[in-house]
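Undergrad: Got a structure here, written out as C-alpha cells. Questions coming.
The values are calculated or read from the model by the stated rules, or taken from the named source; none is laboratory data. The shown structure was predicted, so the numbers you read here are calculated from the model rather than taken from an experiment. Neighbour counts are summed over all protein chains in view; Cβ atoms, including those assigned to glycine, are modelled from backbone coordinates with ideal geometry. Surface areas here come from the heavy atoms of the whole protein model, side chains and all, with no ligands, DNA or RNA. Shrake-Rupley method; radii C 1.70, N 1.55, O 1.52, S 1.80 Å.
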Amino acid sequence: MNEHERVEELLAADALGGLSSPDQAELEQAWEEHGRTCESCRRARAEFSEVAGRLAFSLAPAAVPSDMADRVLRLVGEPVDEKRAPEREEPGEGARVIRPVRWSRGLVAVAAAVTLLAVGGLGGFLLSGQDEGETALAAFLAEPGTRVAEFEGMGASGLKVAYRPGEDQSYVFGSDVAAAPAGTVYKLWLVPGTGAPVPGPAFSPGDGLLIVEVPSDPSEAGTMALTFETDPDVAQPTPPIASTAATPA
Amino acid sequence: VRPVEMTDARDRDLLRRIALGDRESFRRLFARYAPTAMALARRVVRQAHLAEETVQEAFLAVWKKPGGYDPELGSVRAWLMSTVHHRAVDAVRREQAQRRRSDEAMLDAATVEYDHAEAVVEEIGLPEEREAVRQAMGSLPAEQRRVIELMYFEGLSQSRIAERLELPLGTVKSRTLLAMRRLRGELGWIRE
C-alpha cells in the first residue's frame with residue numbers, strides 16, 4: 001500500500017467518524033507530512049467529507065421542537081423578536097425572492113415568513129422553510145371540505161385560518177401581516193364557548209407571507225383569537241383581544 | 001439546474017447572510033436541515049434529550065462561526081450534517097461508559113423507517129437527495145453497507161466494529177475504503 005492509499009484509507013474512516021485514537025494520530029501525522037500538499041489526497045478528503053455528510057439524508061427527517069431555532073439564538077443573547085437583519089444583501093444566484101401574493105382558494109404560490117416563539121396547549125409546528133410552507137398550505141387548501149375564516153380587524157391582507165372540521169390540523173396565514181407592537185408577539189388562542197382559552201403558538205411575522213401550522217381543530221372551540229403578549233409562554237390572554245375569527249363546525 | 005443544485009446555491013446564500021447577522025436566514029437554514037440533523041443525532045445517540053442537545057450545539061456553532069464552512073470541502077448540507085455527526089459521535093462515546101442503551105428511551109436503529117415523516121414537509125430538492133443517497137447505500141454489497149452503518153449511524157470505531165463482527169481489523173478498513181469509493185462514484189460529487 002503506497003502513501004496515497006494509506007492516507008485515503010484513513011481519510012475514508014475519518015470522514016465517517018470511525019478512526020480509533022492511534023489511527024487518528026497516524027492520519028494527523030501523514031496529513032502534515034504528505035496529504036496537505038498532495039492534490040490527490042486533498043481531493044479524497046473533500047470527496048469523502050461530502051459523501052459522509054450526505055449519508056444523513058438516507059434517514060427520514062425527524063420532528064424538531066418548534067422553538068428550537070430561537071432557543072439557539074437566545075443562547076448567544078440574540079433577541080428573537082426582530083424580524084429583519086440590520087443589513088440585507090440582494091439575493092444571490094439561486095436564491096428566491098418572495099413577494100406578497102393575493103390569497104385565493106386555489107393558492108399555489110405562498111411562502112412561510114414567520115418566527116414561532118413558543119407553543120402552549122395547542123402546540124405548533126415550525127414548517128421547514130418557505131417551500132415547505134408553500135407545499136403544505138397549498139395541499140391543505142386544495143383538499144375538499146377546507147374552510148377559510150378571516151380574523152376580523154386585521155385589514156384586507158390580514159390573517160386567515162384554514163381548517164377542516166374534525167381534523168386536528170389548521171393553518172393560520174396571511175400576507176404582509178403588520179408587526180406586533182414593540183416588545184410583544186402575536187399569540188393564538190382557541191376560545192371555547194365555556195371554559196378557559198387554550199394557548200397556542202406565539203409568533204412574530206417576517207417579511208411577506210406568514211404560515212403557522214396549528215395541530216388543532218379550531219371548529220371544536222368555535223373561535224380563534226389573537227392577543228399581543230410580552231411573554232410568549234403566557235397561560236392566559238392579556239386583554240384586549242386584538243382580533244377573532246369565527247371557526248364554526 | 002437540478003433542484004438539489006439550486007438548494008446548494010440557496011444554502012450558500014443563506015450562510016453569507018448568517019455571517020452578516022441575519023437571524024431570519026439562520027431560521028431558514030435551521031428549518032431546512034434541522035429535521036435531518038435531528039434524525040441523524042437520534043440515530044447515533046439514541047437519546048432524545050442528547051440528540052436535541054447535539055443538534056442545538058451544532059447549529060449554535062453555525063450561527064457563531066458560519067465561516068467554518070469551506071466550499072472546497074463540499075456542499076453546505078454535507079458540512080452541516082458532518083458537524084452534527086461529529087458532535088453526536090463524540091457524545092455517544094462519552095456516554096458509552098456510563099449508560100445502557102435503552103430501546104424504550106429512543107428509536108432503535110432496526111425500527112427506523114423511512115416513512116415516519118408525515119409531520120415534516122420536505123424541502124424542494126431534498127426528496128431527490130434522499131432517494132439518491134438511499135440508492136447509493138443500496139448499491140453497496142451487504143458486508144460493506146453493514147460496516148458503514150455501524151460506523152456512521154452507531155458511532156462505532158473500526159476497532160469496535162472488528163470486535164462486533166469478529167473480523168480482522170484490516171478487513172474492516174478495506175471494506176470502509178471500498179464502500180466510500182463506491183459511494184463517491186454513485187453520488188457523483190466531484191470537487192471543482
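Undergrad: Shielding of B:51-59 by partners, i.e. mean partner chain Cβ atoms within 10 Å per residue? Before the final figure, lay out each step's value.
TA: On the way: counts 1, 4, 0, 0, 5, 6, 2, 1, 6.
If you average over the peptide's residues, the count of other-chain Cβ atoms is 3.
Undergrad: So, one more: Excluding ligands, DNA and RNA, what is the accessible area buried between chains B and A, summed over both sides, using a 1.4 Å probe, to the nearest 100 Å²?
TA: Counting protein atoms only, the buried area is about 7200 Å².
Undergrad: Continuing with this model, one more query. Taking only protein heavy atoms into account and a 1.4 Å probe, give the accessible area per residue of the range A:1-83 in Å². List each step's numbers first, then the result.
TA: Numbers: 3350 Å² over 83 residues.
On a per-residue basis, the range A:1-83 sits at 40 Å².
Undergrad: How many percent of the accessible area of the range A:1-55 is carbon or sulfur, using a 1.4 Å probe?
TA: The value for the range A:1-55 is 43 percent carbon and sulfur by accessible area.
Undergrad: Here is a further query. Using amide H atoms built 1.01 Å from N in the peptide plane, name the residues 5+ places from residue A:243, or on other chains, whose amide H lies under 5 Å from its own.
TA: Amide H neighbours of residue A:243: A:226.
Undergrad: Quick check: Cα centre of the range B:27-71 to Cα centre of the range A:189-230, how many Å?
TA: 29
Undergrad: Hey, got the average number of other protein chain Cβ atoms within 10 angstrom for residues in B:69-78?
TA: Counting other chains' Cβ atoms within 10 Å and averaging over B:69-78 gives 5.
Undergrad: If you don't mind, there's one more thing I want to ask. Zone of residue B:72 (label point 7 Å along Cα→Cβ, backbone N under 20 Å): which residues in the range A:26-42?
TA: It comes to A:27-42, nothing else.
Undergrad: I'd like the Karplus ³J(HN,Hα) series for the range B:42-52: coefficients 6.51, -1.76, 1.60, θ = phi - 60°, whole numbers in Hz, and an x wherever there's a Gly or Pro.
TA: Ordered by residue, 3J(HN,Hα) equals 5, 5, 7, 8, 6, 9, 4, 5, 6, 5, 5 Hz.
Undergrad: Could you give the nm distance between label points at residue A:147 and residue A:179, where each point is 7 Å from its Cα heading toward the beta carbon?
TA: In this crude label model, residue A:147 to residue A:179 measures out at 3.5 nm.
Undergrad: Still on this structure: Each residue of the range A:30-42 in order: what ³J(HN,Hα) in whole Hz does its phi give by Karplus 6.51 cos²θ - 1.76 cosθ + 1.60, θ = phi - 60°, with x for Gly and Pro?
TA: Rounded to whole hertz, the list is 5, 5, 5, 7, 9, x, 4, 9, 9, 4, 4, 6, 5.
Undergrad: Taking amide H positions as placed in the peptide plane 1.01 Å from N, state which residues far from residue A:170 in sequence (5 or more) or on other chains have amide H under 5 Å from it.
TA: Here the answer is A:214, A:216, since their amide H atoms fall under 5 Å of that of residue A:170.
Undergrad: Near the amide H of residue B:20, under 5 Å away, which other amide H atoms are found, from residues 5 or more places off or on another chain, if H is placed in the peptide plane?
TA: For residue B:20, whose amide H was placed from the backbone, there are no distant partners under 5 Å.
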